[in-house]
Amino acid sequence: MISRLSTAFALVLFTAATAFAAIPQPVTIPAGTQIHFKLLRGINTANAKPGENVPGALTQSIVIGGRTVAPAGSAVNVHITTAEGSGRIGGSAKLVFHVSSITLANGNRVSVRTSSYAREGRAHAKHNAKYIAGAGVAGALLGQAIGGNRNSTAKGAAIGAGVGIGAAAATGKFDFEEPAGGRFALKLKSSVTANL
(Lines give C-alpha, C1' and ligand atoms only; values in the text may rest on other atoms or scores of the structure.)
Protein backbone atom coordinates (compact mmCIF):
# COMPACT_ATOMS: atom_id res chain seq x y z
CA MET A 1 0.00 0.00 0.00
CA ILE A 2 2.78 2.44 0.89
CA SER A 3 4.55 1.51 -2.32
CA ARG A 4 1.49 2.37 -4.41
CA LEU A 5 1.04 5.62 -2.50
CA SER A 6 4.71 6.54 -3.08
CA THR A 7 4.41 5.77 -6.77
CA ALA A 8 1.24 7.83 -7.08
CA PHE A 9 2.85 10.74 -5.20
CA ALA A 10 5.96 10.57 -7.43
CA LEU A 11 3.74 10.54 -10.50
CA VAL A 12 1.85 13.63 -9.28
CA LEU A 13 5.14 15.44 -8.57
CA PHE A 14 6.53 14.50 -12.00
CA THR A 15 3.36 15.70 -13.73
CA ALA A 16 3.42 18.99 -11.79
CA ALA A 17 7.12 19.54 -12.58
CA THR A 18 6.53 18.83 -16.27
CA ALA A 19 3.53 21.18 -16.37
CA PHE A 20 5.55 23.92 -14.62
CA ALA A 21 8.41 23.49 -17.10
CA ALA A 22 5.97 23.83 -20.00
CA ILE A 23 4.68 27.19 -18.73
CA PRO A 24 6.54 29.95 -20.54
CA GLN A 25 8.84 31.81 -18.19
CA PRO A 26 9.78 35.48 -18.71
CA VAL A 27 13.39 36.09 -19.69
CA THR A 28 14.93 39.55 -19.90
CA ILE A 29 17.75 40.33 -22.31
CA PRO A 30 19.47 43.28 -20.63
CA ALA A 31 20.40 46.55 -22.33
CA GLY A 32 24.01 46.47 -23.48
CA THR A 33 23.85 42.82 -24.62
CA GLN A 34 25.94 42.32 -27.77
CA ILE A 35 23.98 41.08 -30.77
CA HIS A 36 26.40 39.32 -33.16
CA PHE A 37 24.95 38.84 -36.64
CA LYS A 38 25.72 38.60 -40.33
CA LEU A 39 23.91 39.96 -43.36
CA LEU A 40 22.21 37.37 -45.57
CA ARG A 41 21.96 39.87 -48.45
CA GLY A 42 24.43 42.61 -49.35
CA ILE A 43 23.60 46.31 -48.99
CA ASN A 44 24.90 48.65 -51.71
CA THR A 45 24.63 52.42 -51.28
CA ALA A 46 23.92 52.82 -55.00
CA ASN A 47 20.46 51.24 -54.64
CA ALA A 48 19.64 50.84 -50.92
CA LYS A 49 16.69 52.86 -49.60
CA PRO A 50 15.95 54.20 -46.11
CA GLY A 51 13.23 52.07 -44.50
CA GLU A 52 14.32 48.94 -46.34
CA ASN A 53 14.72 45.72 -44.34
CA VAL A 54 17.49 43.20 -44.98
CA PRO A 55 17.59 39.63 -43.63
CA GLY A 56 20.32 38.59 -41.26
CA ALA A 57 21.19 35.74 -38.90
CA LEU A 58 22.75 35.55 -35.45
CA THR A 59 26.36 34.37 -35.52
CA GLN A 60 26.42 33.79 -31.74
CA SER A 61 23.66 32.51 -29.49
CA ILE A 62 22.10 34.91 -27.01
CA VAL A 63 22.37 33.15 -23.63
CA ILE A 64 20.88 34.65 -20.45
CA GLY A 65 21.40 32.91 -17.11
CA GLY A 66 22.51 29.71 -18.83
CA ARG A 67 19.39 29.65 -20.98
CA THR A 68 19.60 30.01 -24.77
CA VAL A 69 17.17 32.77 -25.64
CA ALA A 70 18.05 32.78 -29.36
CA PRO A 71 20.42 30.21 -30.90
CA ALA A 72 23.07 31.03 -33.51
CA GLY A 73 21.43 31.06 -36.93
CA SER A 74 18.21 32.67 -35.66
CA ALA A 75 16.74 35.26 -38.02
CA VAL A 76 17.31 38.95 -37.39
CA ASN A 77 15.81 41.87 -39.27
CA VAL A 78 18.25 44.64 -40.23
CA HIS A 79 16.56 48.01 -40.77
CA ILE A 80 18.26 50.65 -42.95
CA THR A 81 17.73 54.14 -41.52
CA THR A 82 20.05 56.09 -43.86
CA ALA A 83 21.21 55.19 -47.36
CA GLU A 84 22.69 57.77 -49.71
CA GLY A 85 24.45 57.03 -52.94
CA SER A 86 27.61 58.84 -53.91
CA GLY A 87 27.37 61.91 -56.11
CA ARG A 88 29.58 62.22 -59.17
CA ILE A 89 31.38 65.41 -58.12
CA GLY A 90 30.50 65.71 -54.44
CA GLY A 91 28.54 63.97 -51.75
CA SER A 92 29.89 60.85 -50.08
CA ALA A 93 27.89 57.64 -49.90
CA LYS A 94 26.39 56.96 -46.45
CA LEU A 95 24.84 53.91 -44.81
CA VAL A 96 23.29 53.52 -41.34
CA PHE A 97 21.40 50.45 -40.06
CA HIS A 98 20.39 48.65 -36.86
CA VAL A 99 18.77 45.37 -35.80
CA SER A 100 15.00 45.80 -35.38
CA SER A 101 13.89 42.26 -34.49
CA ILE A 102 15.23 38.85 -33.46
CA THR A 103 13.58 35.44 -33.72
CA LEU A 104 13.76 33.68 -30.35
CA ALA A 105 14.33 30.00 -29.54
CA ASN A 106 10.56 29.41 -29.30
CA GLY A 107 10.04 30.80 -32.83
CA ASN A 108 8.49 34.09 -31.70
CA ARG A 109 9.89 37.32 -33.09
CA VAL A 110 10.62 40.16 -30.70
CA SER A 111 11.17 43.81 -31.62
CA VAL A 112 14.46 45.27 -30.42
CA ARG A 113 16.40 48.50 -30.78
CA THR A 114 20.16 48.26 -31.06
CA SER A 115 22.96 50.73 -31.54
CA SER A 116 23.52 51.65 -35.18
CA TYR A 117 26.24 50.74 -37.63
CA ALA A 118 27.30 53.79 -39.67
CA ARG A 119 29.75 54.16 -42.54
CA GLU A 120 30.55 57.02 -44.88
CA GLY A 121 32.21 56.47 -48.25
CA ARG A 122 35.28 58.00 -49.75
CA ALA A 123 35.44 61.78 -50.20
CA HIS A 124 35.67 63.34 -53.65
CA ALA A 125 38.11 66.21 -52.96
CA LYS A 126 41.44 64.54 -53.77
CA HIS A 127 40.04 62.59 -56.71
CA ASN A 128 38.42 65.67 -58.24
CA ALA A 129 41.43 67.90 -57.60
CA LYS A 130 43.72 65.48 -59.45
CA TYR A 131 41.55 65.39 -62.55
CA ILE A 132 40.63 69.09 -62.64
CA ALA A 133 44.09 70.46 -61.81
CA GLY A 134 45.86 67.98 -64.08
CA ALA A 135 43.63 68.75 -67.04
CA GLY A 136 43.83 72.50 -66.31
CA VAL A 137 47.65 72.43 -66.36
CA ALA A 138 47.66 70.32 -69.53
CA GLY A 139 45.20 72.76 -71.15
CA ALA A 140 47.32 75.76 -70.14
CA LEU A 141 50.47 74.17 -71.60
CA LEU A 142 48.64 73.26 -74.79
CA GLY A 143 47.15 76.78 -75.04
CA GLN A 144 50.61 78.31 -74.54
CA ALA A 145 52.13 76.02 -77.17
CA ILE A 146 49.40 76.69 -79.71
CA GLY A 147 48.72 80.41 -79.14
CA GLY A 148 51.94 81.55 -77.55
CA ASN A 149 50.38 84.31 -75.46
CA ARG A 150 48.67 84.92 -72.12
CA ASN A 151 45.14 84.76 -73.56
CA SER A 152 45.75 81.40 -75.19
CA THR A 153 47.20 80.04 -71.95
CA ALA A 154 44.15 81.18 -69.93
CA LYS A 155 41.70 79.77 -72.48
CA GLY A 156 43.61 76.48 -72.58
CA ALA A 157 43.56 76.29 -68.76
CA ALA A 158 39.80 76.94 -68.68
CA ILE A 159 39.09 74.35 -71.37
CA GLY A 160 41.40 71.87 -69.62
CA ALA A 161 39.67 72.43 -66.27
CA GLY A 162 36.31 71.85 -67.96
CA VAL A 163 37.59 68.60 -69.40
CA GLY A 164 38.92 67.71 -65.93
CA ILE A 165 35.51 68.34 -64.36
CA GLY A 166 33.95 66.06 -66.97
CA ALA A 167 36.54 63.37 -66.28
CA ALA A 168 36.02 63.69 -62.52
CA ALA A 169 32.26 63.37 -62.99
CA ALA A 170 32.64 60.36 -65.29
CA THR A 171 34.86 58.50 -62.81
CA GLY A 172 33.54 59.94 -59.55
CA LYS A 173 30.94 57.50 -58.15
CA PHE A 174 32.24 56.14 -54.84
CA ASP A 175 29.40 53.91 -53.67
CA PHE A 176 30.24 50.98 -51.43
CA GLU A 177 28.70 47.67 -50.40
CA GLU A 178 28.41 45.76 -47.16
CA PRO A 179 28.45 42.23 -48.61
CA ALA A 180 26.29 39.25 -47.75
CA GLY A 181 28.08 37.41 -44.95
CA GLY A 182 29.45 40.66 -43.51
CA ARG A 183 29.59 40.32 -39.70
CA PHE A 184 28.60 42.95 -37.17
CA ALA A 185 28.13 43.32 -33.40
CA LEU A 186 25.66 45.91 -32.10
CA LYS A 187 24.42 46.50 -28.54
CA LEU A 188 20.84 46.47 -27.32
CA LYS A 189 19.81 50.01 -26.34
CA SER A 190 17.09 48.84 -23.95
CA SER A 191 16.22 45.56 -22.28
CA VAL A 192 13.74 43.17 -23.85
CA THR A 193 11.52 40.75 -21.92
CA ALA A 194 9.95 37.73 -23.61
CA ASN A 195 8.28 34.51 -22.50
CA LEU A 196 10.18 31.34 -23.39
Completion exercise
Given (1) hydrophobic (A, V, I, L, M, F, W, C); (2) modelled with pLDDT under 95; (3) part of a loop (DSSP other than H, G, I, E, B), residue 83 misses just (3)
Exercise for the section: Output the number of residues of the range 25-43 satisfying the condition of being touching a Pro at 6+ places or on another chain (Cβ under 9 Å) and modelled with pLDDT under 95. Expected result: 0
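Which of the following residues is surrounded by fewer than 16 Cβ atoms within 10 Å (Cβ to Cβ), assigned by TED's automatic domain parsing to the domain that holds residue 189, basic (Lys, Arg) and in contact (Cβ under 8 Å) with a residue 24 or more places away in the chain: 49, 38? Break it down into steps so the answer makes sense when it comes.
Working: 38 fails: surrounded by fewer than 16 Cβ atoms within 10 Å (Cβ to Cβ).
The match here is 49.
Scanning the range 88-132 for residues that are in a loop (DSSP other than H, G, I, E, B), modelled with pLDDT of 85 or more and among the aliphatic types (A, V, I, L, M), which turns out surrounded by the fewest Cβ atoms within 10 Å (Cβ to Cβ)?
Just the residues of the range 88-132 that are in a loop (DSSP other than H, G, I, E, B), to begin with: 88-93, 104-108, 112-113, 115-116, 121-124.
Now drop any that are not modelled with pLDDT of 85 or more, which leaves 93, 104-108, 112-113, 115-116.
When the remaining residues are screened for being among the aliphatic types (A, V, I, L, M), the result is 93, 104-105, 112.
Values: 93: 22, 104: 22, 105: 16, 112: 21.
Only one residue fits best here, namely 105.
The values are calculated or read from the model by the stated rules, or taken from the named source; none is laboratory data. These numbers come from a predicted model, not from an experiment. Please note: Cβ atoms are built from the backbone with ideal geometry, for glycine as well, and neighbour counts cover all protein chains shown.
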